[in-house]
Amino acid sequence: MADLWWIYSKPVPADGRELWILFLQCSCITAVIGGLFYNWMFVSLEYSWHLSVAMAISFSLLLLLTLLLVHPARCVFSMIMPTLGTKQGRKLLFSTCIMIAVVNITPNIISNIKTILQVIQCICKNSSDSLLNSTALLEKVSWEFGDAVQEAIPSMYKPMNGHFRFSLLQNSSLIYQKMHLTGEKISREFLSVEVLVKDSVRVANRLAAGFFMLYLCFESSWYLKNYLTNLCFDNFYITKKLERLAVDRRAAHLLVGSSKKLIRPTGLKLSREEVVLCLVQAMLVTVALMLMLVVVAMDHFAFSVADTAVRKAAQFPAVPVALSIKYKVEVGILPFLFKIFWRPSEALLLRDFNRTYQHHLIFSSAHCRISPPRPPSPSVLLVVGLLFCILYATVFLETYARRLCRRIAASFFQSWEEKRVLHLYRKLSRRHRKE
């Protein structure tokens, strides 16, 4: 592995064998990166299959030529891998989390809201139908009561028609049609909102992902540029070259006295600035986690409400309604004689009408078309949870990723690393003399 890395990091291959090994290395790298790039475009960014294949092939060929012919480009590309463990990699993971939430969680919430609206529509339809049937019952009651009135009143006082007149809506198709149109309008509005949200977030995610990838390359190039132009940049590590230089010049005490300010790149020790930076980044990840948990909670809440609405709607009992009518017709017997003799008048009972009519108001029916509520997907929650675990891991691994970037740059430019080590040694020597 050391020999392979030595060939990969050399500016120019020494012979044909090293050139062939370098070509194989670059070919394997581009094949793996091309497959990942295709999967990223087709699955995560939702590009078409043909465009994803064409872009993956073009990117792989361009990457192969660049890695094979340009030595600094190999260094920049090698530093991109550990740079994924820094804040730029976290931005890509955030973008992936947002895309997963929009593509999987948001449609689930909208579907459950549609189910709730379908339950409300079903209740409105059945209750209106039941109310229309109750008006038909009133019409029946009015005719029976009118017949009783005509039979009870003597012929000389009998009206021409003793029935009550109700203006009833005999055809309920107009109400059903209006309710259906209202439901369809609401469904179309929800569908348009869902499509608009999906398209907007998809475009925003594509732009953000492209920007983050370019910025990832830019940050690696920026690190390499500062490494090659600034001797003080990221130069506070006790490397093996620095230890050998100090031993050769009999100044090992410089490293012991400066142990609080210098860090071993292979150790686990973090400086105070690195610890503070890790805590700040962890707080930002926690805020993003809280926002994602709000979206997940909305998904569970919408499913709970939809499931409860469907179950309760199926259990709605029929409400009994009773209409009781009591009607009594009496005729007084010679009332003026009883007034003369100051005696109470007597009445003759001609008709007694006492009937009760039953009706049931129905609010639910098995014929309603209600979509079943969609529960939250456990796989989506698992993927989001794993992504946030990776995000928290990158917060604390960011420092070590930057140290790995420095080691990669040092392996590609060993002569410049010797100058950096010499500069750090002289800096320590001057500080020791002042003290």
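The values are calculated or read from the model by the stated rules, or taken from the named source; none is laboratory data. The structure presented is a predicted model; accordingly, all values stated were derived computationally and were not measured. Cβ sites come from the backbone with ideal geometry, for glycine too, and all protein chains shown count toward neighbours. SASA here: full protein model, heavy atoms, side chains in, ligands and nucleic acids out. Shrake-Rupley method; radii C 1.70, N 1.55, O 1.52, S 1.80 Å.
For the range 218-255, residues that are farther than 13 Å from residue 423 by Cα, crowded, with 16+ Cβ neighbours inside 10 Å and of a type in the set (D, E, K, R) total 1. Among the residues in the range 375-397, are any closer than 26 Å to residue 101 by Cβ, touching a Gly at 6+ places or on another chain (Cβ under 6 Å) and either open to solvent by less than 20 Å² (accessible area, probe 1.4 Å) or touching a residue at least 60 places away in the same chain (Cβ under 8 Å) (or both)? Scanning the range 375-397, I find at least one residue that is closer than 26 Å to residue 101 by Cβ, touching a Gly at 6+ places or on another chain (Cβ under 6 Å) and either open to solvent by less than 20 Å² (accessible area, probe 1.4 Å) or touching a residue at least 60 places away in the same chain (Cβ under 8 Å) (or both), so the answer is yes.
Every residue, every condition in (1) among the hydroxyl-bearing types (Ser, Thr, Tyr); (2) open to solvent by 50 Å² or more (accessible area, probe 1.4 Å), yes or no:
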{"position": "77", "(1), (2)": "no, no"}
{"position": "81", "(1), (2)": "no, yes"}
{"position": "84", "(1), (2)": "no, yes"}
{"position": "91", "(1), (2)": "no, yes"}
{"position": "100", "(1), (2)": "no, no"}
{"position": "104", "(1), (2)": "no, yes"}
{"position": "111", "(1), (2)": "yes, no"}
{"position": "125", "(1), (2)": "no, yes"}
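As a summary of the residue check, residue 265 satisfies the conditions (1) modelled with pLDDT under 75; (2) in a helix (DSSP H, G or I); (3) not aromatic (Phe, Trp, Tyr) except for the one numbered (2). Please enumerate the residues belonging to the range 287-297 that are surrounded by 14 or more Cβ atoms within 10 Å (Cβ to Cβ) and either β-branched (Val, Ile, Thr) or in contact with a Ser or Thr (Cβ under 9 Å, 6 or more places away or on another chain) (or both). Of everything in the range 287-297, those that are surrounded by 14 or more Cβ atoms within 10 Å (Cβ to Cβ) and either β-branched (Val, Ile, Thr) or in contact with a Ser or Thr (Cβ under 9 Å, 6 or more places away or on another chain) (or both) turn out to be 295, 296. Taken together, 140, 91, 87, 158 contain a single residue that is over 30 Å from residue 207 (Cβ atoms) and at pLDDT 70 or above, which is 140. Among the residues of this structure, residue 97 does not count as one that is assigned by the TED database to the domain that holds residue 220 and more than 35 Å from the chain's Cα centre (by Cα).
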